[in-house]
Amino acid sequence: MKQYLLSVITPSGGSPPPPEVLGPIMQNVAALDRELKDAGAWVFSGGLSHPTTATVLRPSGDEILATDGPFTEGKEYLGGFSIVRAPDLDAALEWGRRLARATTLPIEVRPFED
């Protein structure tokens, strides 16, 4: 089976939802993770810290330069992801739809290279 990356696209500039909103979202995500595991489709998933916590490592001649912050500034950032096994793109898209419903955020579905 092929593996797919389901990227959770998070808007920049806002603050996280309040606990009364975020709590049910996280419960929905946990329930979807259980369904993925029960279906044998779950490979790995995780949420990411805010982009300001990132360090970018960039080759420069023989050295590697380290800079704080995200690689690029944008209106959106990668807030989390799931890696799933699916027989085809249609099945991966269905998992992506379910993740979009659970998170209330856009999801990018992308296959891994063979």
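The values are calculated or read from the model by the stated rules, or taken from the named source; none is laboratory data. As the structure is a computational prediction, the values presented were derived from the model and not from experiment. Using ideal geometry, Cβ is built from the backbone for each residue, glycine included, and neighbour counts are taken over all protein chains shown.
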Scan the stretch 100-114 residue by residue and report those that are closer than 25 Å to V56 by Cβ and either among the β-branched types (V, I, T) or assigned to a helix (DSSP H, G or I) (or both). I107
Does the stretch 37-57 contain at least one residue that is at pLDDT 95 or above, out of contact with any Pro (no Cβ under 9 Å at 6 or more places or on another chain) and more than 27 Å from E113 (Cα to Cα)? no
Any idea how many residues of the stretch 28-73 are exposed (fewer than 11 other Cβ atoms within 10 Å of the Cβ), within 18 Å of R98 (Cα to Cα) and acidic (D, E)? 1
Restricting the search to the stretch 79-99, which residues are surrounded by 17 or more Cβ atoms within 10 Å (Cβ to Cβ) and not in a strand (DSSP E or B)? A91, A92, W95, G96, R98, L99
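If only one of E113, E108, E76 is closer than 17 Å to K2 by Cβ, surrounded by 11 or more Cβ atoms within 10 Å (Cβ to Cβ) and of a type outside the set (V, I, T), which one is it? Walk me through how you get there before you give the answer.
On the way: E113 fails: surrounded by 11 or more Cβ atoms within 10 Å (Cβ to Cβ); E76 fails: closer than 17 Å to K2 by Cβ.
Step by step, each of E113, E108, E76 is checked, and only E108 is closer than 17 Å to K2 by Cβ, surrounded by 11 or more Cβ atoms within 10 Å (Cβ to Cβ) and of a type outside the set (V, I, T).
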Which pairs have Cβ atoms under 6 Å, sit 6 or more apart or on different chains, and link a residue in the stretch 89-114 that is closer than 13 Å to L36 by Cα to one that is of a type in the set (F, W, Y) and surrounded by 15 or more Cβ atoms within 10 Å (Cβ to Cβ)? A92/Y4
